[in-house]
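Just below is one structure, and these are the notes that go with it.
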Amino acid sequence: MGLVIRGGTVVNAGERFEADVKVEGRTVSGIGSNLPKTSADTEIDAAGRYVLPGFIDPHVHMELPFMGMVSIDDFESGTASGIAGGTTSIIDFCIPAPGTSMLDALKVWRERSAKATADYSYHMAITSWGENTADEMRAVVRDHGITSFKVFMAYKGAIMVDDHALYHVMKVAAETGAVVTVHAENGDVVWNLQRELLAKGLTGPEYHPVSRPSAIEGEATERALTMARLHGTTAYIVHMTCKESVHALERAKLGGQQCYGETCPQYLLLDDRVFHKPDFGGSAYVMSPPIRPLHLGHHDALWSGLSNGMLDSIGTDHCPFTHQQKLAGASDFTKIPNGAAGIEDRLAILYTHGVVGGRFSLERLVELGATAPARIFGLEKKGTVAVGMDADLVIFDPNAKSVRSAKTHFSRADRSIFEGFEVRGRVDRTIVGGRVAFENGKLMAERGSGRFIARKPTHFARHPEVRS
Ligand code: URP
Ligand code: ZN
Ligand code: ZN
């Protein structure tokens, strides 16, 4: 019992063509004209629609314990929300508490993610450096199919690592063939700015961006890339927001370094006026690094990075907290849990503002949201519509119009940072592992049907500058 998707336009990174797509079991088994259908097959009419590879979100946090709260979407609701928005695979961050075992944290993440409705993997965070850390990193790659790590250069006093840890993480990652993903902000500077603002009685959410200026994101990006270059490590800078960090990445790339950059829709489309919304409404937008001011060139640097190839992927950093949870920081912005929802909005928002807005082609959007994350992170069977690949597909109607809203999204988040955004294009159907999981606004995603995807290491050291 399979599917035949008839008469759509298949769009991959760098190509588009009209074809039928046949799915058998979990796999794409045929692409061509007038593909035959058996009586057991379901036929889907895709005329006038695009057939895209399922999007991959390389940056999400489901049920993340963070800043005294747990983010409100769990692996079931968060992946379902993704499916409704055309995302069929996620990479979450497994984050052990500092000083605790990565392998113990992995057990916890495995339990949590067993209810996922879409396929998933993890980046493993290193939150401290101890005598077992290098061996655990090696075991994570060798025995568990996790080939990307994460370091936070911010969140001092919690999960931030210092340069000593950063140095060693980069070194061991290069030896194991893993990528290091980096939250790049100078956490010591943030900590000091926060204290100074609070001491002056400046406690509202509008001071969150003041405490995290773009210069300190640029500095940390440069430092992380330098550490990576020393060891020949492949680095991937997550959620880039500003021209300083884009320029640091650009310098590294032009110098021949293997490195990647990710941004997220909120940094392209919102600006820091959102923090002034009344009734503590600005708290919904509190995330780190912060949404930047208009007219300083940050938004343009990100858009051009996406179109000229300096930036490589678009994630969402989906990490929603409810208004009630955000109220923990009602009298101190440093206590507002950082994060917002976005996994359901990415495709429609970027189709509208990226493709219809004339910034880049749909092929490039497919590359940024599916093909590149699959290639960088080793999801070998995902990110392209082709025979033999996983049957994770999106049937996208380019002509439909809708309005994004927390009232209609499937996420448990009670706010949408894109509330009221009018978008062009709609996900008509999402097929996950060969089964229709979302159709005409109805979610049929199955709890627990997502699988953990084990990956192989490919990013071994390239031209290290130090030999130790
Ligand atoms: O504010 C954010 N981004 N929250 C999630 C954790 C992180 O830093 O990615
Ligand atoms: Zn981060
Ligand atoms: Zn994040």
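Here are a few things to note about the model shown:
- Residue within segment 361-375 that is under 22 Å from T117 (Cα atoms), assigned by TED's automatic domain parsing to the domain that holds I83 and part of a loop (DSSP other than H, G, I, E, B) present: no
- Criterion applied to L306, L302, L294, L268 was being away from ligand 3 (no atom under 16 Å from the Cβ) and either part of a loop (DSSP other than H, G, I, E, B) or modelled with pLDDT under 95 (or both), and the one residue passing it is L294.
- Flag for T38 being under 29 Å from the mean Cα position of the chain (by Cα) and among the polar types (S, T, N, Q): no
- Residues in segment 396-432 that are hydroxyl-bearing (S, T, Y), farther than 22 Å from I72 by Cα and buried (at least 17 other Cβ atoms within 10 Å of the Cβ): T430 alone.
- Selected residue (criterion: nearest to ligand 1 (Cβ to nearest atom)) from residues of segment 316-343 that are surrounded by fewer than 23 Cβ atoms within 10 Å (Cβ to Cβ) and hydrophobic (A, V, I, L, M, F, W, C): A328
- When restricted to residues that are among the hydrophobic types (A, V, I, L, M, F, W, C) and within 16 Å of ligand 2 (Cβ to nearest atom), segment 288-301 contains 1.
- Every residue from segment 376-402 that is in a loop (DSSP other than H, G, I, E, B), under 18 Å from the mean Cα position of the chain (by Cα) and not polar (S, T, N, Q): G378, L379, E380, K382, G383, D392
- Residue check, V246 assigned to a loop (DSSP other than H, G, I, E, B) and away from ligand 3 (no atom under 16 Å from the Cβ): no
- For segment 224-243, a residue qualifies if it is part of a loop (DSSP other than H, G, I, E, B) and within 16 Å of ligand 1 (Cβ to nearest atom), and the qualifying residues are V238, H239, M240, T241, C242.
- Unique residue being modelled with pLDDT of 95 or more, of a type outside the set (V, I, T) and out of contact with any Ser or Thr (no Cβ under 6 Å at 6 or more places or on another chain) when the list is F75, F93: F93
- Residues satisfying the stated conditions in segment 325-335, i.e. away from ligand 2 (no atom under 16 Å from the Cβ) and either part of a loop (DSSP other than H, G, I, E, B) or touching a residue at least 60 places away in the same chain (Cβ under 8 Å) (or both): Q325, A328, G329, A330, S331, D332, F333, K335
- Yes/no for H183 being of a type outside the set (V, I, T), more than 28 Å from P265 (Cβ to Cβ) and either modelled with pLDDT of 95 or more or within 16 Å of ligand 1 (Cβ to nearest atom) (or both): no
The values are calculated or read from the model by the stated rules, or taken from the named source; none is laboratory data. In this text, all values refer to a predicted model and were calculated from it rather than measured experimentally. In this analysis, Cβ positions are derived from the backbone assuming ideal geometry, glycine residues included, and neighbour counts consider all displayed protein chains.
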